[in-house]
Structure formats: C-alpha cells, structure tokens
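Each reported figure results from applying straightforward, stated rules to the coordinates on display, with no laboratory input. Worth saying up front: this structure is predicted, and the values here are computed from it rather than measured. Cβ sites come from the backbone with ideal geometry, for glycine too, and all protein chains shown count toward neighbours.
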C-alpha cells in the first residue's frame, strides 16, 4: 500500500481509483487531501484513460496507463484490477474529498457486516463556480441524494465505495458505457439485485467542481435522459427503476415531465385553435411543474435565496422540456439499433 501506518482499529485497506483523461490542474487539487490523509492503510491509483500526454504520478500515488481511450467505466475496472485494497473508493478528477472521507469509508466497512453493500456520498452545497447552471446542477444532485431513501441502489462515482471482492464478483462496471453516463447507476442496481444495498451517507461530502454552461447543462440533461430511456428499454422495462429508489432522478422531476408534455400540448392547441382554453392548459402545466418540484424549489430557495429561486422557476420548465425530448431521442436511437 502507498500509505502504511499502525492500524490498531482494524480498519480495512482502501484503494482510491481516479479515472483521468487529459486532466488539467484540477487533478492536483483532487489529490491534495489524499496527500494529507492520516488514514492508516490506503493507496491511490490514477488511471490514465489514453491521455494525449501520459499522466505521471510520484509516490505515494501511482498511475495505471491505458493506451487507448476506453471510457470511465473501463478505466475504473482497470484500476480495480491493479488495486490491492479490500475496499475500492471511486472519485473523479474534479472532486475534492473531505479530510475525514477515508475514515468514514473505513469505519463503515470495518466490522465486515457491510461487505455486501456499496456506500455513496453527496455533493456539498459549496463549489468553485458561481454561475447559475453550475450551481443549479450541483444543488440538484445534492438534493437528489439527500432526499432519496438512505438504502437503495444509487451508486454515484463522484464518491462511492464498494468491497473489491463484491465489485469483481458482479463483473465491475459495464464497459458498454463508453462515456460518463449510467455505469454507476447500473452497478448500484446490480448490487441491489444481488441482495445488497447502497447506503447514502450524508456525512460523506465532497466538493464537485464541475463547470456547466447553460447550453452544456441542457445537453447533459438531454443525453442523460436518452441514456436512461435506452437502459430501461434494453432491460425490457423489467426493472421499474424509476419508481423504486434506484435512480438519482427525483420523483417530482419525473412527474414534472408529464406536466411539461401537457404544456407542449397546450402550446400546439393554442397555435391551431386560438382558444383561451389552451392558455389555461399551459398555466396548469406550469403550476404542475412547480408544485411537483416544490420541495426541491424550497431547498434551493433556502440555500441561495429569492434571486436564485426566480431563475430556477424560469429554468425548470425548459429543463424538463429538454429532458422529455431526450426520452423520445432515446426511443428513436433504441429502435434504430443503439443499445447504450
């Protein structure tokens, strides 16, 4: 192990796996808390996923090089294969863990009773970027996990741990996901199907410094919605993940998709028939969107204030409309042969 010390508490050894593709300065920021960690037994593996300039590491970290870009799922699998720890902890290059992160993970797995379980954390309220799209997405993800069932199938690789033996027994991440997508959700669902659970630990907080432009956020939500749809169709709908706490999408957001469709119907009806009835339908759709997401909206108002709230109220219908369009794109892609 890269970091060794006396271990009177009997804590398990941890391998931290970080996939990296052409990483920038954020990698050094990601590694700094690990460099300072006093956890007794851990190692850090940075998996270079075919970067143009090979990633080089110095003690106490080591690099695992993939000659060709294979995607984060395959990169994490390669990291686990090279790992020596009993527990593997996944984080991303744009994530900064808390000082107590390894200790929380180690304590969770110390006595062996949780060796059939995954563990995942949450994003902190604070982050590096202050533009609306970045803050909105950060708070949306934080809300999604804090209000989800504590034990479910949610596995979120911004910070997520699993016993190495369980990971290998389940076949690791599905390498069919070539881009950052639902490979973590898929693994969480397989842990659930195998009789385990994924525990969401609110004290396991990380700062996720991911920048989103408004266009980038809408593109992300469009593609993720399409990916969710193809995954559901690929499984022939046999796993009702949307309604069983196995997806990070809040039920209020899912309900809002129906109201967004109602709003589109109102707009089309108004353009064709020019009747006030359709205006009332649009108003009802907007009200339904806001009411179904009321808890999330209240949370964002509490954290960021009324100015941010007004922007959320204006943006949410657009976001739902884009995500709904992603569903149809996912169906079209599946029907023409795309499975991932």
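Points to keep in mind about this one:
- Considering only 144, 181, 37, the Gaussian network model of the chain with Cα springs below 10 Å gives its largest mean-square fluctuation to 37.
- Axis angle, to the nearest 10 degrees, between helix 183-193 and the longest C-alpha principal axis of the chain: 80 degrees.
- Sites residue 301 and residue 36 - FRET efficiency at Förster radius 35 Å, r taken between beta-carbons, to 0.05: 0.45
- Considering only the chain, percent of DSSP beta bridges that pair antiparallel, nearest 5: 40 percent
- Beyond 23 Å, the tail of the calculated P(r) for region 213-340 holds 40 percent of the Cα pairs.
- Plainly put, region 1-115 has a radius of gyration that is 0.97 times its Kirkwood radius, both from alpha-carbon atoms, as the Rg/Rh ratio.
- In terms of Cα atoms, the Rg and Dmax of region 140-219 work out to 13.8, 41 Å.
- Helix 132-146 vs. the chain, principal-axis angle (Cα, 0 to 90°, nearest 10): 70 degrees
- Spin-label pair residue 62-residue 264: with each label point 7 Å from Cα along the Cα-Cβ axis, the two points sit 5.1 nm from one another.
- Across every direction, the projection of the convex hull enclosing the Cα atoms of the chain has a mean area of 18.3 nm².
- Net lengthening on full extension, residue 233/residue 53 (0.36 nm per residue, minus Cα-Cα): 61.0 nm
- For the chain, the longest principal axis of the C-alpha atoms and the axis of helix 276-292 are separated by about 20°.
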